[in-house]
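Presented below is the structure to which this report refers.
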Amino acid sequence: MTNKDFLSIKDFFPSDILYLLILARQIKAHPLSYCDALKRETLAMIFEKPSLRTRVSFDVGIQQLGGFSLYLSPAEINLGKRESVYDVAKNLERMVQGIMIRTFAHETAEQMAQYACIPVINGLTDYCHPCQAMADYLTMWEAKGNLEGLKVAFVGDGNNVAHSLMFAGAQLGAHVWVATPEDHQPSAEAFEWAHARSTETGGSCNLTYDPRMAVEGADVVYTDVWTSMGQEEDAQRREEEFRPYQVNMPLFRHAKPDAIFLHCLPARRGKEVTDEVIDSPHSLVFQQAENRLHAQKAIMLDLMKSEFVKLPTLMELREMGHP
Ligand code: CP
Ligand code: NVA
């Protein structure tokens, strides 16, 4: 890949996204082959919001590649207040080999990437969650054996997770349907990008207010919390608006009989999804969470490796038997 950073799925060619997914499959199958690839490299992890999966998977992932991580809490850095994004970038690039950032405004992550000469990886912004989408499609690929032509239904809020699901689906030729209340659709810009890219890859991006229309015949049913981090003041109102968008068994049954259920987690059980669905044999949410680790190892490897580490090419990976 030619990009220095991993900020949004939109920033890549379809072949880049496919390559990273295949590399993730290879790393998952042969983790020891890569255990020294980022030897003694350090990843600084800037968190302005809470996390379980992102923190643990990046921390464990870099260690499994031979490196170290450094957790920087909101209280410590106080990004943009105690110190400017520019100054933080200029300090960190002198001491570490990569930055993972979870923040509010997507522009903050973009500025960090612009100012730092080292790779910057987006661990979630209000706009998108690209590492999540990599794990999501890795899970779909494992479960379904292919990605092109899959019907992927997202039901709930047209948020950061929905945006990245649309972007990656467009890159990989999936048919993504997003069902939201009228006032909570994905951004028009995100939809237009996904729609345009889909026409090149044979997929499609579709918006509706009708959860049943989205789920009808779907291979994958996906939901996320109704109140994202930073929106807590609005939680009560949002709960009322989103109630018809709960993923419960009566809704899920409109999907294909072998459909899978995904959720980026954390889940508010009994709100956006019922126990009956998330605990059913259709649910792959913990495999999906584990896949954050493998997908992000592929991303870190690709972006942070030194010139002495050679990764297999797409052709070589295919020769190794990857589809
Ligand atoms: N899915 C996800 O990003 O989880 P965390 O917020 O716990 O990192
Ligand atoms: N949409 C959620 C995702 C959490 C992983 C949020 O932004 O809080």
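The values are calculated or read from the model by the stated rules, or taken from the named source; none is laboratory data. Since we're looking at a predicted model, the values are computed, not measured. With ideal geometry, Cβ positions are generated from the backbone for all residues, glycine too; neighbour counts draw on all protein chains shown. Side chains are part of the model used for accessible areas, which takes the heavy atoms of the whole protein and leaves out ligands, DNA and RNA. Shrake-Rupley method; radii C 1.70, N 1.55, O 1.52, S 1.80 Å.
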Taking Cα pairs closer than 8 Å and at least 6 residues apart, the relative contact order of region 87-161 in percent is 27
Those trypsin sites (Lys or Arg not before Pro) in region 42-139 that DSSP places in a loop and that have at most 14 other beta carbons within 10 Å: Lys81, Arg82
Given 37 °C and 0.692 mPa s, how large is the Stokes-Einstein diffusion coefficient of region 176-310 in µm²/s, with Rh as the Kirkwood radius over Cα pairs? 195
Filter the GluC sites (Glu not before Pro) in region 105-178 down to the DSSP loop ones having no more than 14 other Cβ atoms within 10 Å, then list what survives. Glu148
Restricting to Cα pairs under 8 Å and 6 or more apart, the percent relative contact order of region 1-120 works out to 30
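Can you bin region 87-203 into rounded, prolate or oblate? Criterion: square roots of the alpha carbon gyration tensor eigenvalues sorted a ≥ b ≥ c, rounded for a/c under 1.5, prolate for a/b above b/c, oblate for the rest.
Taking the square roots of the gyration eigenvalues as a ≥ b ≥ c, region 87-203 is prolate.
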Probe of 1.4 angstrom, ligands and nucleic acids ignored: what's the accessible area per residue over region 5-158, in square angstrom? 39
Count the net charge of all other residues whose Cβ sits under 11 Å from the Cβ of Lys144, scoring Lys and Arg as +1 and Asp and Glu as -1. -2
For region 3-78 and region 102-138, compute the distance between their C-alpha centroids and round to whole Å. 11
Express the relative contact order of the chain as a whole percentage, based on alpha carbon pairs under 8 Å and six or more residues apart in sequence. 20
How about region 233-321: which chymotrypsin sites (Phe, Trp or Tyr not before Pro) there are in a DSSP loop, with at most 15 other Cβ atoms within 10 Å of their Cβ? Phe308
Three-way shape call for region 13-114 based on the alpha-carbon gyration tensor, with the a/c threshold at 1.5: prolate
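Under the classification rounded if a/c is under 1.5, otherwise prolate if a/b is larger than b/c and oblate if not, where does the chain fall, given a ≥ b ≥ c as square roots of the Cα gyration tensor eigenvalues?
It is oblate, given that a/c is not under 1.5 and a/b is not larger than b/c.
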At a 1.4 Å probe radius, carbon and sulfur cover how many percent of the accessible area of the chain? 52
Around Gly203, which amide H atoms from residues at least 5 apart in sequence, or from another chain, sit under 5 Å from its own amide H, with H modelled in the peptide plane? Gly173
Give the lysines reachable from Lys10 as a straight Cα distance under 28 Å; neighbours fewer than 8 places away on the same chain don't count. Lys28, Lys49, Lys90, Lys144, Lys151, Lys297, Lys305, Lys310
Ratio to report: Rg/Rh of region 238-289, with Cα atoms as the point set and Rh obtained by the Kirkwood method; give two decimals. 0.96
